[in-house]
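Structure record follows, encoded as structure tokens.
The values are calculated or read from the model by the stated rules, or taken from the named source; none is laboratory data. Predicted, not measured: the structure shown is a model, and the values here were computed from it. Note that each Cβ is placed from the backbone with ideal geometry, even for glycine, and that neighbours are counted across all protein chains shown.
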């Protein structure tokens, strides 16, 4: 029932995006000491939300099939501004700030959903 309203679709997409972003952050932190690992980051939500869904096959994790291009529409390989001596591009400090941003985005999605639900219920007289 809620899937028919654009505000609910948008808030669900925002929550899914935050979850995918948090997954990428946790993979990056898990591979912080892996030689040659390139960090993955989430594209901005506005950019992902405006992109039509891709129905082609894609990899579910880096290293599966063709990696960087197939990470999905919401993820991309992070720019390697500073590499460690072993070729790793993960910065734990950057990942922690990204984790805080992902949490904020998820909380915002829940707030939008709750607010829209409240408005919808008020309109029904409940």
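Worth pointing out:
- Residues of the range 100-117 that are modelled with pLDDT of 90 or more and surrounded by fewer than 16 Cβ atoms within 10 Å (Cβ to Cβ): 100, 101, 103, 104, 107, 108, 110, 111, 114, 115.
- The residue that is farthest from residue 29 (Cα to Cα), counting only those in the range 80-109 that are touching a helix residue (DSSP H, G or I) at 6+ places or on another chain (Cβ under 6 Å) and assigned to a helix (DSSP H, G or I), is 109.
- Residue 66 at pLDDT below 90 and either surrounded by 16 or more Cβ atoms within 10 Å (Cβ to Cβ) or within 30 Å of residue 121 (Cβ to Cβ) (or both): no
- Every residue from the range 1-40 that is within 17 Å of the chain's Cα centre (by Cα), under 19 Å from residue 120 (Cα atoms) and surrounded by 16 or more Cβ atoms within 10 Å (Cβ to Cβ): 10, 11
- Pick from the range 79-91, criterion surrounded by fewer than 11 Cβ atoms within 10 Å (Cβ to Cβ) and more than 17 Å from the chain's Cα centre (by Cα), ranking: nearest to residue 5 (Cα to Cα): 81
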